[in-house]
Amino acid sequence: MRTVMNFSFDILAGPSIGFAFYIGRRSTIIRKERGGDVTQKGQLIEKFKEAAASVLPIVIIVGMMCLTFIPMQADLMLSFLLGSLMLIVGMGLFTLGSEVSMTPIGSHMGAKLTKSRNLPLILIVSFLLGIAVTVSEPDLTVLADNVPAIDTTVLIVTVGVGVGIFLMLSMVRILFKIPLKWPLIGLYGVVFLLAFLASPDYWAVTFDSGGVTTGPMTVPFIMALGVGVASIRSDANAQEDSFGLVALCSVGPILAVLLLSFFYPGAPAAGDPDTAKGIMDTVQLGRTYFITLPHEVLNVAMALLPIVVFFLIFQVTALHLRKVPFLRIVMGLAITLVGLVLFLTGANVGFQSLGVELGASIAGMGPWRFLLIPISILMGWYIIQAEPAVHVLNKQVEELSAGAISESAMHYALAIAVASANGLAMLRVLTGVSIMWIIIPGYLIALVLTLVVPPTFTAIAFDSGGVASGPLTATFMLPFAMGACQALGGNIMLDAFGLVAMVAMMPLITVQIMGLIYVIKTRKAAEVPEYPYADDEVIELWDADDVIELEG
């Protein structure tokens, strides 16, 4: 059980931008195993290395394309390189700050709520925390800024409410010992029923919203609350039932945005992606960044404000942390703010602009526009390989399956799955195929697999759906698809959105297939008798000569 618990915590905190909770926990385990400690400076350097590993592969691929066969404005390329640097620094600071602040806040709150053993209080606080932490997710902000059909604030709040409601339902599931597979099957059935009643223009956005919500802001709270509530139960399955919270909280935004679509009259506009055209020199480029910075500071400060307020209320009424731990958390929140500001500024000004233009340029190459598919596959392959969370996922699956599923097998399975998802997304852009032709079979396969694989693998698979959809999926690949779609005269809402959803869907299938392989191998191993002797057969351990020799 201890191995499963370590695996669950490590994998669930990997999604979206930074993997702070998961990386922090993993690094803590490694430090304890080595019997040493790591300085704050060493941790920061490690975070910068992880961020660089995520961003640099895309920078290299884009740079090679722009210097060889895809002409690009020099000012956009310079803006992209500056944005890349800001993404690396911002991601490094954000992951460190989140580890120092968000993880202990979630742990302290979860512990205090559990000790109260007050179910109404746990449900109410879970709902409010679900809203508070979700609105601060950077990937959600990036997605909402790119959706032309719905007001950004309305979309963010709607997604937050969806997470809050389903976080409450997750707590109820734990307390009433409901197996995870039945809520998943029932809820996704409702999702697809509502989807066919809603406007097709909202289909892709609704599924994308489920893929960008659970990240380092929400996971520490969700996991702390889930484990705390599960500890109220005393049965053997209590800890196992604490898994799957992220899975259910990912369904909430999908249902919430689907319901929101019924209140928006008429079909949404197709919208045009924002670009950074008109930058003529370095001074104007710098001015663009400096103008964007204050706007992002205000947005991030407003997003973090609910979390700060919750923490201060708990500090005064229940936590009563000492001065040093309290100041450490406050400092972590400040670092988180700075990191988020740098990340969003680099993403909005540098990455999105070049992504749009690059996609449009390739789409405008006549017969060569089909290069969009292999280029997207290549980018998807390297994006997933650069995700630190994926590497630990592969290693821990190997440990969980006692070697039946190797780390390399998981590695290639996920890489192929995510690369294929990116290729399918570009195929949709080129052909206009409805996302439902991909999403419905994909989720149907995933839900059928829940009936035959071990429950732990099901929980891990659905919880880890956000592992694959890292920061570059929302900040670069989605704008890349939007630019290509616009150049081809397609509908951005119908054809470009949905990329994040398909990338997030693949681990649901891949991890469960690995679980199915584990089941098959385990059954085959069980068929081979451990001792090839009958119960009444006499087993001679020595020959007669050996016995005489020993007696002599």
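The values are calculated or read from the model by the stated rules, or taken from the named source; none is laboratory data. Keep in mind that this is a model prediction, so the values were computed, not measured. Because the Cβ atoms are built from the backbone with ideal geometry, glycine has one as well, and the counts that use them run over all protein chains shown.
What to note about this one:
- Residues in the range 507-524 that are buried (at least 24 other Cβ atoms within 10 Å of the Cβ), among the aliphatic types (A, V, I, L, M) and at pLDDT 85 or above: L508 only.
- Hey, S84 of a type outside the set (A, V, I, L, M, F, W, C) and at pLDDT below 80 or not: no
- Inside the range 410-457, residues that are among the small types (G, A, S), under 18 Å from T206 (Cβ atoms) and touching a Gly at 6+ places or on another chain (Cβ under 8 Å) make up a count of 2.
Okay, residues lined up against (1) buried (at least 22 other Cβ atoms within 10 Å of the Cβ); (2) closer than 19 Å to G42 by Cβ; (3) aromatic (F, W, Y):
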{"residue": "I88", "(1), (2), (3)": "yes, yes, no"}
{"residue": "G92", "(1), (2), (3)": "yes, yes, no"}
{"residue": "T103", "(1), (2), (3)": "yes, yes, no"}
{"residue": "P120", "(1), (2), (3)": "no, no, no"}
{"residue": "F127", "(1), (2), (3)": "no, no, yes"}
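- Of all residues making up the range 322-349, the number that are buried (at least 16 other Cβ atoms within 10 Å of the Cβ) and not in a helix (DSSP H, G or I): 0
- Checking the range 293-307 against the condition returns a match, with at least one residue being of a type in the set (V, I, T), part of a helix (DSSP H, G or I) and over 22 Å from T473 (Cα atoms).
- Listed here are the helices (runs of 4 or more DSSP H) enclosed by the range 68-156 that have at least 3 residues being touching a residue at least 40 places away in the same chain (Cβ under 8 Å) and more than 19 Å from the chain's Cα centre (by Cα): 74-116, 119-134.
Let's see how each residue does on (1) in contact (Cβ under 8 Å) with a residue 12 or more places away in the chain; (2) of a type in the set (S, T, Y):
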residue	(1), (2)
L169	yes, no
I174	yes, no
K177	yes, no
L180	yes, no
P183	yes, no
L187	yes, no
V191	yes, no
F196	no, no
Y202	yes, yes
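- The residues on offer are T336, T345, and the sole one that is over 30 Å from A496 (Cα atoms) and hydroxyl-bearing (S, T, Y) is T336.
- Given (1) touching a Gly at 6+ places or on another chain (Cβ under 8 Å); (2) within 30 Å of D495 (Cβ to Cβ), index of the condition A144 fails: (1)
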